[in-house]
Every structure is written in C-alpha cells, then in structure tokens.
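Visitor: Pasting in a structure now, in structure tokens, and then I'll have a few things to ask.
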Amino acid sequence: MNVCVVRVGLIAASLLAACGCGTTKSQTATEQLLMSDAIDRSVANIDFTALAGEKVFLDTQYIQPIKGFGFVNSEYIISSLRQQLVAANCLLQEKENEADYVVEARVGALGTNMYSVTYGVPSTSLLSSASAVLPNAPPVPTIPEISFAKRDDQRGAAKIGVFAYHRETKQPVWQAGISQARSEAGATWILGIGPFQRGTIYDGTRFAGSELSIKKKRAEAAARGDDRVAYDQEHVFPTPWRDPPIPLDSPAEAVVLEPTPDKVKAAGYQQNISDEPPAKKSQKPQDDEQPDTD
C-alpha cells in the first residue's frame, strides 16, 4: 500500500514538473527594494512646507547606522529627509549655529517580513520515517512538494517621526506626527509556472522579471490638489540666474514697438491707425472776440 502511494506521488510530481517550474534564486535585492520603498513612502508623507523659507538644521543624532543591516541604512534615510526639506523650499544649513530652527528626526521601525502559502500537498518525510521502523520494509523516499499553486508575500515597513523647535529658545514650532508606510512584493506560481510578480516595488505585473502588463501611471502633484513637489518625480527647481521660458501665446510677445496698424492689430488694440497724418482742425474765432479794424 505504501509503495502505491509513493508511485502516485511521483507520477503527480512528474506531471507538475512537465507543466513548468520557476524559482527565485535570491531575495537580497527584493528586501532592499522593499525597505527603500517603505522609506520613500514614509518620507513622501511628511510635509515640511510649514518651515518653507526658514534656515533649518537637520539633527540626525538619533538615526544611527546598524551593522550588518544591509545596504539600506541610516545614510539613505538622512539623504531622503534632506531631499524633502529642500523640495519644501527650506534653507538647509550644514551647521546648527547658522540655523534658526532645528529639525529632529528618528526611525521607529525598518524591516521586512515574508509569508508563504502552498495550495496542495507539502513536502513530507513521514512515510520514509515509518518505513525505517518496519522490519523488511523497502526504503521510501521523501515525498516532494506537490503544489497546484504557491504564493510568497514579502512586506516592508518603515516608521519615521520628525519635529522642529527654535534653536535658541528651544520652543516647539512644528511636528509631523508619525509617518508610517508599508511596501509589498508578491510572487505566485500556478502549476509550476511562474513566478508572477506584483507589488509596490514593481510597475504592474511581471513574469520572472519581465514586464507583463502596462506600467501604472503615477499620480502627479496637481492631482493631489496641492503644489508640493512630488518626492518620487523629476522636477527642475527655478534658479535666480535662469529666466522661465515665455510661452508663444503670452501677452509679452505682443509688444508694440512702432505704432503701425499691423502690430497694433496683433496686440489686440481696437484703434484705427492710417498711414496719413491726421488733419488739423480749423480754429474758428469765438463770438466774443472782435476783429482788429486797425
């Protein structure tokens, strides 16, 4: 009876292997993307516009690097906060005594979790252990995993807190509250075919790393109803030495240098101008004036 069960298991495993097979070799890159994506989302939720135009110093003494934690560490968090401060038009100072306000930041959580679900029969060695106990029983190999579908989910989380106070008086000025964000990445195998990857670190759904669907469009800053610079979007900041381009339909293009009819008409004025000089009005003597008889 045991031999029959083993044969059925081996046949089922062979059929599943014939359908397809896919594995993920390493999770290091995925874990780094999950942590950095969680940091990006957490920092993007912090609005520093309350300190716009002020001289600020970013105090990072409570964001310490952790040895052996991976590539994503305190340096990435500090640089992300500096970027968000500059994007909010804050005048970032390198020395504390040159700033009017001190922005203090801290990190409450940064890490990843992984969950795995198998739809089918998991790998087991019970029959192999039982056959070793029975005398004169043939050896039974370990039954491999027989899965009709398999799903692996990874989650990243980051928690950042920021507040500001006046450098000299130490009076509180502003606080952002707690900014907490999560990232996710999932992989699915169906009858051994996969992985089908999706999550916040991917643009759409991927099959074994290749694009499978049209990329998702990210929301623009105008769609949020505010004028903040999007953290994850390209933006060119205006500079004092760079004049903004003037649109072709701007009224500044319709500057009238000479009072010619064509240019006046192009400028939008409703005024009739002719090439001939205007005729002089004849001056009639008034009734109360008496002509000179001498």
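The values are calculated or read from the model by the stated rules, or taken from the named source; none is laboratory data. Owing to the predicted nature of the structure, the values given are computational and were not obtained by experimental measurement. Note that each Cβ is placed from the backbone with ideal geometry, even for glycine, and that neighbours are counted across all protein chains shown.
Here is a yes/no grid of residues against (1) out of contact with any helix residue (DSSP H, G or I) (no Cβ under 7 Å at 6 or more places or on another chain); (2) closer than 30 Å to D59 by Cβ; (3) loosely packed, with under 12 Cβ neighbours inside 10 Å:
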position: E98; (1), (2), (3): yes, yes, yes
position: V121; (1), (2), (3): yes, no, no
position: L127; (1), (2), (3): no, no, no
position: A130; (1), (2), (3): yes, no, no
position: V133; (1), (2), (3): yes, no, yes
position: P139; (1), (2), (3): no, no, yes
position: I143; (1), (2), (3): no, no, no
position: A158; (1), (2), (3): no, yes, no
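Visitor: Could you check how many residues of the range 103-137 are out of contact with any strand residue (DSSP E or B) (no Cβ under 8 Å at 6 or more places or on another chain) and touching a residue at least 60 places away in the same chain (Cβ under 8 Å)?
Guide: 3
Visitor: Still on this model: Take the residues of the range 53-72 that are surrounded by 14 or more Cβ atoms within 10 Å (Cβ to Cβ) and touching a Leu at 6+ places or on another chain (Cβ under 9 Å): which is nearest to D40 (Cα to Cα)?
Guide: Ranking the qualifying residues of the range 53-72, first place goes to V72.
Visitor: Kindly state which helices (runs of 4 or more DSSP H) lie completely within the range 1-118 and contain at least 2 residues that are at pLDDT below 90 and small (G, A, S).
Guide: 2-19
Visitor: If I ask for residues that are of a type outside the set (A, V, I, L, M) and under 24 Å from G156 (Cα atoms), which ones from the range 32-60 would you list? Steps first, please.
Guide: Step one: list which residues in the range 32-60 are of a type outside the set (A, V, I, L, M), which gives 32, 36-37, 40-42, 45, 47-49, 53-55, 57, 59-60.
Matches in the range 32-60: Q32, S36, D37, D40, R41, S42, N45, D47, T60.
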